[in-house]
1. Place a label point 7 angstrom from the Cα of residue 81 along the Cα-to-Cβ direction, then list the residues of region 48-65 whose backbone nitrogen is under 19 Å away.
2. Of all alpha-carbon pairs in region 9-244, indicate the percentage at a distance above 27 angstrom.
3. Arrange 214, 167, 219, 143 by Cβ neighbour counts within 10 Å, fewest through most, would you?
4. Expressed in nm to one decimal, what extension gain is obtained for the pair residue 124 and residue 227 from 0.36 nm per residue of sequence separation less their Cα-Cα distance?
5. Residue 132 versus residue 175, label points 7 Å from Cα toward the beta carbon: distance in nm?
6. Would you order 99, 216, 134, 34 from fewest to most other beta-carbon atoms within 10 Å of each residue's own beta-carbon?
7. If you rank 145, 78, 93 by fewest surrounding Cβ atoms within 10 Å, what's the result?
C-alpha cells in the first residue's frame, strides 16, 4: 500500500496532512520576507531583533497556561484560535506602514506559536500507537516540502509583485488552514468537568521554571541552543537584505 493510500484511509490523518501542507506554505512565506519587509518600512536591524524577542516573550508568557487549559477544555478550539491569530497577524502585516502594526503582528504570531504543543498533542492522539513515528514523519515531510515551495514563492513574489502580494498569499493560506481546522479536523481530547481558574493557570506557569531533576540537562542544553540560534540565524534574512539590498 502506497503512502498516499495509507493517508487517505484515515480521514483525520489526511486532514492533518492537508493542514500541515497549508501551514508549511503559510509559515515559510511570512518567515522569509518579514525582515526585509520591515527594513523597507525603515525599521532598523536592532528593532527587528526587538520584535523577534517580543514574539518570543508573547509565546513564553502563555504557553504553559494554554497547554494545561487544553487538557481541560479540549484541543480543537485552541487549534482554531491558533489559526485565527495567524490570520489576524497576516492582516496587520498586510496593512503595516510602520513598526506598530509589525509589533502587533509579531505578538499575535508569538501567541500562535504558544499553541504549537497543542497541535502536537492532536497529532499524537490521532495516531495509532504503532504508527505514531510514521505519522509524525509524514506530517514533518509535508511541512518541509510545501514550506520549500512557500520559500521559493515568497522570494519571487516579493521581487516581482512587491511585499504586499506575499502577505495577500499569506492571508489566503491562513484562511484555508482555518477552514480545515474548523470543519475537518476532529477533537481528540474531550473537555473535562474540571475548573481551570487563576490558581491552576499560575501553577502551570510556575511549573515551567521548576522542571524535575532528570530534565535539568535537557533544559540547559535547549537554553544554550536557543540562545545561539536567536543571536545569529534569527536575523539572517534582515542582515542579508541590509548588506546586499
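The numbers here are math on the coordinates, done by the rules we state, and not lab data. Note that this is a predicted model, so its numbers are computed, not measured. Ideal geometry is used to build each Cβ from the backbone, glycine not excepted, and the neighbour counts take in all protein chains shown.
1. 55-65, by backbone N distance to the label point.
2. Details: 10919 of 27730 pairs.
Tail of the P(r) past 27 Å holds 39 percent of the pairs.
3. Fewest-to-most Cβ neighbours within 10 Å comes out as 214, 219, 143, 167.
4. Details: separation 103, 0.36 × 103 = 37.08 nm, distance 2.85 nm.
Stretched out fully, the residue 124 to residue 227 stretch lengthens by 34.2 nm.
5. About 3.8 nm, to one decimal.
6. Fewest to most other Cβ atoms nearby, the residues stand as 216, 134, 99, 34.
7. 145, 78, 93
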